[in-house]
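The values are calculated or read from the model by the stated rules, or taken from the named source; none is laboratory data. What you see is a predicted model; the values in this text were computed from it and never measured. FYI the Cβ positions are ideal-geometry reconstructions off the backbone, even for glycines, and counts take in every protein chain you see.
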Amino acid sequence: AQKVTQAQTEISVVEKEDVTLDCVYETRDTTYYLFWYKQPPSGELVFLIRRNSFDEQNEISGRYSWNFQKSTSSFNFTITASQVVDSAVYFCALSETDSNYQLIWGAGTKLIIKP
Amino acid sequence: EPEVTQTPSHQVTQMGQEVILRCVPISNHLYFYWYRQILGQKVEFLVSFYNNEISEKSEIFDDQFSVERPDGSNFTLKIRSTKLEDSAMYFCASSENTQLTEQYFGPGTRLTVT
């Protein structure tokens, strides 16, 4: 069974639209961490956010916001007023005690922002 | 800002050859990791390393793979006899500790096995 599911394989929107990337995770641990990474076309992995399981506060960083809901095991990522430079593959990842904190990755969502 | 570096950026090798991928983690970090990403696929964990020994490894990390921290700065991944299916992007990462801090990734080494 997938531990981290990113059901959206690819999303395409026009610049300035808002877009939400979904992430659903599965774990039996009570203590775990969730991450989002961005992989632009150049290939590197860029850390965006880490959230621990005890902190359900939503977070906003500029145009980026994250909605963590333990009740639905989801950690969704919203980009407001998208820009062409946001085009990338976005990965959600889980780190849990059971797996000795290795990162377990979702399949990624390819986001295309059209001008 | 400190960063993880990896060399080479691209390595081409023939099947059956040994390759060594090199990484320099962030200097005050204690935990080191290797991941790989086959083209167009998800990132997969290979191994984590702490206090000069492997702390966790995946089923991908078989006897063909080994890791080493030969000195105070480098962290290497060796593949003894490469196979075509080893072609992938290999990412090194480091973190201050496993629980609290994020893993910072290097730019990756693209390995092409022909």
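Annotations for the structure displayed:
- Any hit, segment A:74-88, residues being in contact with a helix residue (DSSP H, G or I) (Cβ under 8 Å, 6 or more places away or on another chain) and closer than 23 Å to A:V13 by Cα: yes
- Picking from residues in segment B:21-45 that are exposed (fewer than 13 other Cβ atoms within 10 Å of the Cβ) and not polar (S, T, N, Q), the one that is farthest from A:G108 (Cα to Cα) is B:L39.
- For segment B:52-68, the tally of residues that are assigned to a loop (DSSP other than H, G, I, E, B) and either within 14 Å of chain A (Cβ to nearest Cβ) or more than 21 Å from A:I104 (Cβ to Cβ) (or both) stands at 7.
- Count of residues meeting criterion [assigned to a loop (DSSP other than H, G, I, E, B) and closer than 21 Å to A:L103 by Cβ] in segment B:19-44: 10
- Qualifying positions in segment B:32-51 - more than 7 Å from every other protein chain (Cβ to nearest Cβ) and more than 12 Å from the chain's Cα centre (by Cα): B:I38, B:L39, B:G40, B:Q41, B:Y50, B:N51
- Segment A:3-41 - residue that is of a type in the set (S, T, Y), assigned to a loop (DSSP other than H, G, I, E, B) and in contact with a strand residue (DSSP E or B) (Cβ under 9 Å, 6 or more places away or on another chain) and, of those, surrounded by the fewest Cβ atoms within 10 Å (Cβ to Cβ): A:T9
- Counted residues, segment A:80-102 - those being more than 13 Å from the chain's Cα centre (by Cα), at the interface with chain B (Cβ under 8 Å from one of its Cβ atoms) and of a type in the set (A, V, I, L, M, F, W, C): 0
- Flag if B:V47 is outside any loop (DSSP other than H, G, I, E, B) and farther than 20 Å from A:F91 by Cβ: no
- When residues of segment B:55-75 are limited to those that are within 13 Å of the chain's Cα centre (by Cα) and closer than 19 Å to B:V24 by Cβ, the one surrounded by the most Cβ atoms within 10 Å (Cβ to Cβ): B:F75
One line per residue, one yes/no per condition, for (1) over 18 Å from A:Y101 (Cα atoms); (2) modelled with pLDDT of 95 or more:
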| site | (1), (2) |
| --- | --- |
| B:E1 | yes, no |
| B:Q6 | yes, yes |
| B:Q17 | yes, yes |
| B:Y50 | no, no |
| B:S55 | no, no |
| B:E59 | no, no |
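- Checklist (1) within 14 Å of chain B (Cβ to nearest Cβ); (2) surrounded by 14 or more Cβ atoms within 10 Å (Cβ to Cβ); (3) at negative phi applied to A:F77, failing item: (1)
- Given (1) surrounded by fewer than 20 Cβ atoms within 10 Å (Cβ to Cβ); (2) of a type in the set (V, I, T); (3) at pLDDT 95 or above; (4) touching a Pro at 6+ places or on another chain (Cβ under 9 Å), number of the condition A:V46 does not satisfy: (3)
- Close Cβ contacts (under 8 Å, 6 or more residues apart or on different chains) running from residues in segment A:98-115 that are part of a strand (DSSP E or B) to residues that are of a type in the set (K, R) and modelled with pLDDT under 95 comprise A:I104/A:K3; A:W105/B:K42.
- Of all residues in segment B:82-109, those that are in a helix (DSSP H, G or I) have Cβ atoms under 7 Å from Cβ atoms of residues that are at pLDDT 90 or above, 6 or more apart or on another chain, in B:L84/B:M15; B:L84/B:V113; B:D86/B:I79; B:D86/B:L111; B:D86/B:V113.
- Those residues of segment B:69-111 which are under 18 Å from B:P2 (Cα atoms), modelled with pLDDT under 90 and away from chain A (no Cβ under 14 Å), in sequence order: B:G72, B:S73
- Residues in segment B:1-25 that are β-branched (V, I, T) and touching a Phe, Trp or Tyr at 6+ places or on another chain (Cβ under 6 Å): B:V4 only.
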